[in-house]
Amino acid sequence: MNLTTGERTRLFSRAVSTTGSSEWHDVDRINESALLVADIKRDRVFMVDPETEEGLRQWNASEHFSPESGGPPDDWTHLNDVEYTANGRVMADIRNQDQIVFIEPGRGVLANRTLGAEGDFSTLRGQHNPDYIPESRGGPAVLVADSHNDRAVEYQLRDNAASETPRADGSAVNETWVRTWQWSDARTQWTRDADRLPGGDTLITDTNGDRVLEVNESGGIVWSVSIEKPYEAERLGTGDESATGKSAAVLGLRSRTGGQTGTTETLYGSAMRSVWYAITEVAPPFALNSALFVVPKRMGPTELVPLVVAGLTVLSWLGVEAYWRFALPAIRTRFEGA
Ligand SMILES: [Ca+2]
Ligand SMILES: [Ca+2]
Ligand SMILES: [Ca+2]
């Protein structure tokens with residue numbers, strides 16, 4: 001779509017049958033004659049010529065990952081995002097294996113460049129939408145929504161001079177990903193997008209926090225808009241995702257975790273939100289975010305807290321009833337029998 005004139009042109013169209021979240025999840029335009037597709041359904045990345053519909057290249061996750069890794073067979077990798085990076089390489093987000101891989105045509109995954117590892121939740125956990133920031137803009141760096149860790153985070157690729165371990169290609173320097181920035185506050189819950197803007201701010205999509213917000217270089221909130229369960233946001237006119245943004249390292253961004261939410265709420269709403277944060281602290285993140293995915297989208301802390309309290313009350317009541325009805329008579333019978 002031409003955003004100035006509103007004119008729309010259909011370049012390529014394909015219907016894909018889906019079950020659950022198994023679908024084509026992301027498409028990036030490389031140039032006039034190539035589109036890059038993230039295919040969750042078949043756990044692969046492929047390039048297609050939109051005009052001839054000819055498949056140009058393909059990488060299957062089965063070339064690199066074992067069947068025992070990740071999720072169940074019908075949602076094995078949840079490969080939800082792709083990006084074309086320098087030198088013909090492709091970056092792909094392998095959500096269910098908690099990692100981001102770099103694929104080189106004809107060579108496969110560059111093992112030493114992989115960011116994160118399955119089960120290493122301190123690095124990434126069920127992440128979405130990684131953006132690659134090249135050396136020309138202060139990288140190599142990856143800005144990503146670290147969804148189940150409820151934060152936006154950035155990693156910078158650094159040469160680890162201390163390590164003598166040779167790389168697979170024979171070179172002596174070992175590259176390591178170093179966390180250079182992270183952002184969260186008391187409200188962030190299941191973040192799914194983060195874009196670095198040209199001025200140095202970061203646009204964050206906070207799905208279960210029900211908002212899209214922009215944070216500045218010192219970590220303060222510039223603006224925040226309440227919106228129900230947003231998936232991702234784009235600042236129009238700044239290119240795709242973080243295409244015109246610089247790395248946190250070169251900008252000297254200040255990290256933030258926790259603190260004030262910068263929104264205006266009623267006293268009751270703010271009290272319910274505080275109780276809700278306490279619940280989210282103790283509940284397992286996967287179970288919590290999965291449950292939030294299935295409740296009606298309109299529900300916020302003011303509805304969810306009474307719902308949780310009502311649920312727990314009913315469970316406790318049933319437990320007490322069962323105790324009086326079944327356990328107690330049994331104990332009494334045993335006692336009287338003795
Ligand atoms: Ca993409
Ligand atoms: Ca992004
Ligand atoms: Ca975006």
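The values are calculated or read from the model by the stated rules, or taken from the named source; none is laboratory data. Every value quoted in this text rests on a predicted model; they were computed, and no experiment measured them. All Cβ positions, even for glycine, are placed from backbone atoms using ideal geometry, and neighbour counts span all protein chains on display.
Structure summary
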{"read-out": "Tally, over region 209-251, of residues that are out of contact with any Asp or Glu (no Cβ under 9 Å at 6 or more places or on another chain), among the aliphatic types (A, V, I, L, M) and under 27 Å from M1 (Cα atoms)", "value": "2"}
{"read-out": "Every pair of residues 6+ apart whose Cβ atoms lie under 9 Å, when the first sits in region 70-88 and is of a type in the set (D, E, K, R) while the second is more than 16 Å from ligand 2 (Cβ to nearest atom) and in a loop (DSSP other than H, G, I, E, B)", "value": "D74/G20; D75/G20; D75/S21; D75/I40"}
{"read-out": "Residue that is surrounded by the fewest Cβ atoms within 10 Å (Cβ to Cβ), among those in region 97-109 that are over 13 Å from A145 (Cα atoms) and modelled with pLDDT of 95 or more", "value": "V109"}
{"read-out": "Breaking point among (1) under 11 Å from I94 (Cα atoms); (2) touching an Asp or Glu at 6+ places or on another chain (Cβ under 8 Å); (3) basic (K, R), for K41", "value": "(1)"}
{"read-out": "Qualifying positions in region 12-38 - away from ligand 3 (no atom under 16 Å from the Cβ) and either in contact with a His (Cβ under 7 Å, 6 or more places away or on another chain) or assigned to a loop (DSSP other than H, G, I, E, B) (or both)", "value": "F12, S13, R14, A15, V16, S17, T18, G20, S21, E23, E32, S33"}
{"read-out": "Subset of region 133-148 that is closer than 30 Å to L288 by Cβ and either surrounded by fewer than 19 Cβ atoms within 10 Å (Cβ to Cβ) or more than 9 Å from the chain's Cα centre (by Cα) (or both) - its residue that is farthest from ligand 2 (Cβ to nearest atom)", "value": "A141"}
{"read-out": "Selection from region 39-56 of residues that are outside any loop (DSSP other than H, G, I, E, B) and more than 26 Å from the chain's Cα centre (by Cα)", "value": "G55, L56"}
{"read-out": "Residue that is farthest from ligand 2 (Cβ to nearest atom), among those in region 172-186 that are assigned to a loop (DSSP other than H, G, I, E, B) and under 25 Å from T238 (Cβ atoms)", "value": "D185"}
{"read-out": "In region 22-32, the residues that are away from ligand 1 (no atom under 16 Å from the Cβ) and surrounded by 14 or more Cβ atoms within 10 Å (Cβ to Cβ)", "value": "S22"}
{"read-out": "Qualifying residue in region 121-130 (condition: outside any loop (DSSP other than H, G, I, E, B), buried (at least 18 other Cβ atoms within 10 Å of the Cβ), at positive phi and within 16 Å of ligand 2 (Cβ to nearest atom))", "value": "yes"}
{"read-out": "Every pair of residues 6+ apart whose Cβ atoms lie under 9 Å, when the first sits in region 212-232 and is within 16 Å of P296 (Cα to Cα) while the second is of a type in the set (S, T, N, Q) and assigned to a loop (DSSP other than H, G, I, E, B)", "value": "K229/T207; K229/N208; P230/T207; Y231/T207"}
{"read-out": "Count of region 84-112 residues which are charged (D, E, K, R) and more than 19 Å from R57 (Cβ to Cβ)", "value": "2"}
{"read-out": "Residue tally, condition within 15 Å of ligand 1 (Cβ to nearest atom) and touching a helix residue (DSSP H, G or I) at 6+ places or on another chain (Cβ under 7 Å), over region 200-218", "value": "0"}
{"read-out": "Qualifying position, being farther than 27 Å from N96 by Cβ, surrounded by fewer than 18 Cβ atoms within 10 Å (Cβ to Cβ) and not assigned by TED's automatic domain parsing to the domain that holds Q97, among V225, V275", "value": "V275"}
{"read-out": "Residue that is surrounded by the fewest Cβ atoms within 10 Å (Cβ to Cβ) [pool: residues in region 68-96 that are out of contact with any strand residue (DSSP E or B) (no Cβ under 8 Å at 6 or more places or on another chain) and assigned to a loop (DSSP other than H, G, I, E, B)]", "value": "E68"}
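Matching residues to (1) at pLDDT 80 or above; (2) loosely packed, with under 11 Cβ neighbours inside 10 Å:
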residue	(1), (2)
A248	yes, no
S255	yes, no
G269	no, no
W324	yes, yes
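Residue-by-condition table, conditions (1) within 16 Å of ligand 1 (Cβ to nearest atom); (2) over 23 Å from L288 (Cα atoms); (3) not aliphatic (A, V, I, L, M):
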{"position": "P198", "(1), (2), (3)": "no, yes, yes"}
{"position": "G220", "(1), (2), (3)": "no, yes, yes"}
{"position": "P230", "(1), (2), (3)": "no, no, yes"}
{"position": "E241", "(1), (2), (3)": "yes, yes, yes"}
{"position": "G258", "(1), (2), (3)": "no, no, yes"}
